[in-house]
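Each remark here refers to the structure printed beneath this line.
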């Protein structure tokens, strides 16, 4: 019996055994995978062992353009993170991160300055993040996040329509050793409140307020009530077409300034492409083709 030919996904899993399937799919959708010198367009395409697999390096974003610095002073930095950029990771990571880019920019302005991580956004999410510029500000902000005295709101497109237009969700979330998150007894308390802004066909736009800050909290809790986030390939349904972004954007951030003690509020609206894939939206039927009626031919005499 002849051996079956492995797929592109199977070959990538052999090359990167520790990577999540969603990460490998994203490499293909970002056109970074080449098979025998040609760009791969589908993870299900056949990839014979005799053909070489090459991974193109990820593009390196900068602080110019999409991920702008919204506010900066001697104590804090408010930044709007774009889609596809890691917030931060371990020192061995070679991919660009927002923390590293900010650190390089601040160091150019004031050599020896330090940027500290306060909280994170998922790689495929976008929106507001706060960073500290000194140890004192870091401790003050961390305390606010730990005591849940900050305000964090998000705009989120989900599949389906919530049973209740507004509700508070309470779950216990457990993070497994591989980094996945699931609802399980004995996990950490996770609380959020949502309200439905509008529903369009098979999707709904929600405003979500976080009362706790757990890893993947919004994605896991909304999936648990039957409304997974659009573009979530980890906790949502298997997508028909790859390439759509995770439709989760941090719009509002409010906190107490660590030095002045004054309340500060920031808002950053989602980008223009923050909407469900066009293929899933209802389109009007095509107009009928109108043809002129032909008159009867006169009989020749």
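Please treat every number below as a calculation from the coordinates, not as lab data. Everything quoted here is computed from the prediction, not taken from an experiment. Here Cβ is always computed from backbone atoms with ideal geometry, including for glycine, and neighbour counts include all displayed protein chains.
In table form, for the structure just shown:
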quantity: Residue 182-residue 109 pseudo-label distance in nm [points 7 Å out on the Cα-to-Cβ vector]; calculated: 4.5 nm
quantity: Translational diffusion of the range 69-278, µm² s⁻¹ [Kirkwood Rh, Cα pairs; Stokes-Einstein; 37 °C; 0.692 mPa s]; calculated: 182 µm²/s
